[in-house]
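Working notes for the structure below.
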Amino acid sequence: YLALDHGNAERACTLFTEALGLARDFGDQSARTGFLHSLGDALRAQGDAGGAARQYQAGLLRAQGAHDVRVATECLTGIAGLATQFGRHQVAARLFGAVETLRETVGPPGSRYAEERQARDMAAVRDALGTEVGAWATGRALPLEVAVSEALALAAEIVGEAAGVGLLHGISETS
């Protein structure tokens, strides 16, 4: 995340893509899962919402299969941020509510960049919704499986919308 911390999203994309390839080559499924959400963050910072959504989606599916709550939380955070970006504040609030509950277990984001991005996204949702806190409270009570299901569906929609408006740059995780 050092490249993202210093505002170099392009370099971060390159590094995370290389790291993802190495993890795949060496069969390190845990690292591969983690690098998916990291690449999603870098793509989002670069303005590739569709590419970011695809990486978060792939990371979330892998994290769910591996019961990796930390990576699932990071992917949910990224998808909630994309929901904010796309003006879907109610679903963003539900997902961020779920993230807040998960953070009580897994702790804060692992980098300064991720922590600051999450804070900005959460503030944008709170500003958009004002005093309406129902979605946030609903999210805090969501079972992880429900939050994951909502996030995966939203990520698929964002991929489609981004492709339709030219926001998709074509970087994807290959099996």
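The values are calculated or read from the model by the stated rules, or taken from the named source; none is laboratory data. Note that this is a predicted model, so its numbers are computed, not measured. Reconstructed Cβ throughout: ideal geometry from the backbone, glycine too, with neighbour counts over all protein chains shown. Note: areas computed on protein heavy atoms with side chains; ligands, DNA, RNA excluded. Shrake-Rupley method; radii C 1.70, N 1.55, O 1.52, S 1.80 Å.
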Among 141, 99, 164, whose Cα sits farthest toward the positive end of the charge dipole of segment 30-175 (+1 at Cβ of Lys/Arg, -1 at Cβ of Asp/Glu, about the Cα centre)? 99
Rounded, prolate or oblate: which fits segment 9-114, taking a ≥ b ≥ c as square roots of the Cα gyration tensor eigenvalues, rounded meaning a/c under 1.5, else prolate when a/b beats b/c? oblate
Where the accessible area of the chain is counted over protein heavy atoms with a 1.4 Å probe, how much of it, in %, is carbon and sulfur? 55
Can you give me the accessible area per residue for segment 72-167, using a 1.4 Å probe, in Å²? 44
If I take R0 = 25 Å and measure r between the Cβ atoms of residue 149 and residue 8 in this structure, what FRET efficiency does the formula 1/(1 + (r/R0)^6) give, to the nearest 0.05? 0.15
Prolate/oblate/rounded call for segment 27-175, Cα gyration tensor, a/c under 1.5 rounded: oblate
Between helix 112-129 and the chain: long-axis angle, C-alpha atoms, 0 to 90°, nearest 10: 30
For the chain, calculated [θ]222 nm from helices alone, where every DSSP H run of n ≥ 4 adds -39500 (n - 2.57): -25500 deg cm²/dmol
Roughly what angle does helix 9-25 make with the longest principal axis of the chain, taking Cα atoms, 0 to 90 degrees, to the nearest 10? 70
Suppose accessible area is computed on protein heavy atoms with a 1.4 Å probe; arrange 10, 74, 132 from highest to lowest. 10, 132, 74
Point-charge dipole on Cβ atoms (K/R +1, D/E -1) for the chain, about Cα centre, debye to 20: 80
Note the angle between two axes, namely the Cα long axis of helix 29-45 and the longest principal axis of the Cα atoms of the chain, as a number of degrees from 0 to 90, rounded to the nearest 10. 70
